[in-house]
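The values are calculated or read from the model by the stated rules, or taken from the named source; none is laboratory data. The structure presented is a predicted model; accordingly, all values stated were derived computationally and were not measured. Cβ placement follows ideal geometry from the backbone for every residue including glycine, while neighbour counts extend to all protein chains displayed. Note: areas computed on protein heavy atoms with side chains; ligands, DNA, RNA excluded. Shrake-Rupley method; radii C 1.70, N 1.55, O 1.52, S 1.80 Å.
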Amino acid sequence: MSELHVVNHPLITHKLAIMRNKKTGSKDFRDLLEEIAMLMGYELTRDLPLEDVYIETPISKMKTQMVKGRKLAIVPILRAGLGMVDGLLNLVPVAKVGHIGLYRDPETHLPVEYYCKLPPDINQRLVILVDPMLATGGSAVDALTKLKDRGCTNIRFMCLVSAPEGVAKVQAAHPDVDIYTAALDEKLNENAYIVPGLGDAGDRIFGTI
Ligand code: PRP
Ligand code: URA
């Protein structure tokens, strides 16, 4: 069964409180999203497998360890997921980046796909799918299905704010995918927005409100 990791850290809670405030403008919102993505990425990568390597320091030879295998791919769900990519790339600069474009139909709230470009070897990588908001869960479920259709078997989903409805939907459809979130909020409203949430993440990042 997929695990829900609520990443608790005073700095994340503090930064997220500023982001939630409706008075916070786009520049601060973007900067904070990037910072939180990096802090969450630190937690998400805590159990990456290591392998022994032999190197030479200026003083002597030594056996030490480095991250094993083909490393990572970061896949943002467009648009809002883009705001989390640079924070993760600060941590793992060699990661490849794929993109999945989805928007929610305003009437049905169902995701509509408009773009997909993924690294050719993505099926050999640990994939971190990122999107600040997990609301109904429709977008995350579709993006995860797309990644699995491309052969990905090792996927984690990282979001900033989640609703119980979205968590349940992702866990039911993709029980092998762990979810990392900075906050589990109360519910969805009648427009399928997260309550209390932070509003429309894409609009707040890009100033399109
Ligand atoms: C938002 C958000 C998620 C989706 C979450 O994107 O960034 O992708 O809604 O909702 P769900 O869990 O109910 O599917 P939106 O459709 O507003 O597109 P945008 O990022 O381009 O603004
Ligand atoms: N998408 C957002 O950007 N915010 C929500 O609260 C729900 C979906």
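Values as computed for the structure displayed
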{"item": "Every pair of residues 6+ apart whose Cβ atoms lie under 8 Å, when the first sits in the stretch 180-209 and is closer than 20 Å to H5 by Cα and acidic (D, E) while the second is in a strand (DSSP E or B) and within 12 Å of ligand 2 (Cβ to nearest atom)", "result": "D185/V161; D185/S162; D185/I194; D185/V195; E186/V195"}
{"item": "Close pairs from the stretch 1-21: first touching a residue at least 60 places away in the same chain (Cβ under 8 Å) and open to solvent by less than 60 Å² (accessible area, probe 1.4 Å), partner outside any strand (DSSP E or B) and of a type in the set (D, E), Cβ under 7 Å, at least 6 apart", "result": "S2/D176; V7/E43"}
{"item": "Answer residue from the stretch 196-209, given it is among the aliphatic types (A, V, I, L, M) and within 16 Å of the chain's Cα centre (by Cα) and is nearest to ligand 2 (Cβ to nearest atom) among those", "result": "A201"}
{"item": "Where Y114 falls short, out of the listed (1) assigned to a strand (DSSP E or B); (2) within 15 Å of ligand 2 (Cβ to nearest atom); (3) over 16 Å from the mean Cα position of the chain (by Cα)", "result": "(2)"}
{"item": "Residue in the stretch 117-143 that is nearest to ligand 2 (Cβ to nearest atom), counting only those that are surrounded by fewer than 24 Cβ atoms within 10 Å (Cβ to Cβ) and not in a loop (DSSP other than H, G, I, E, B)", "result": "G138"}
{"item": "Residue match in the stretch 68-75 (condition: open to solvent by less than 70 Å² (accessible area, probe 1.4 Å), free of Cβ contacts under 8 Å to residues at least 60 places away in the same chain and within 11 Å of ligand 2 (Cβ to nearest atom))", "result": "no"}
{"item": "Selected residue [within 9 Å of ligand 2 (Cβ to nearest atom) and either of a type in the set (F, W, Y) or on the phi > 0 side of the Ramachandran plot (or both)] from Y193, Y180", "result": "Y193"}
{"item": "Checking R30 against (1) open to solvent by 70 Å² or more (accessible area, probe 1.4 Å); (2) within 17 Å of A182 (Cα to Cα); (3) more than 16 Å from ligand 1 (Cβ to nearest atom), the condition it does not meet", "result": "(3)"}
{"item": "Residue list for the stretch 83-107, restricted to those being in contact with a Gly (Cβ under 9 Å, 6 or more places away or on another chain) and within 15 Å of ligand 1 (Cβ to nearest atom)", "result": "G83, M84, H99, I100, L102, Y103, R104"}
{"item": "Hey, G87 in a helix (DSSP H, G or I), among the small types (G, A, S), without any contact (Cβ under 8 Å) to a residue 60 or more places away in the chain and within 15 Å of ligand 2 (Cβ to nearest atom) or not", "result": "no"}
{"item": "Failed item, numbered, when R30 is tested on (1) assigned to a strand (DSSP E or B); (2) in contact (Cβ under 8 Å) with a residue 60 or more places away in the chain", "result": "(1)"}
{"item": "Any hit, the stretch 163-172, residues being touching a residue at least 40 places away in the same chain (Cβ under 8 Å), open to solvent by 50 Å² or more (accessible area, probe 1.4 Å) and either more than 21 Å from V127 (Cβ to Cβ) or near ligand 1 (Cβ under 10 Å from one of its atoms) (or both)", "result": "no"}
{"item": "Residue in the stretch 95-104 that is surrounded by 10 or more Cβ atoms within 10 Å (Cβ to Cβ), aromatic (F, W, Y) and out of contact with any His (no Cβ under 7 Å at 6 or more places or on another chain) present", "result": "yes"}
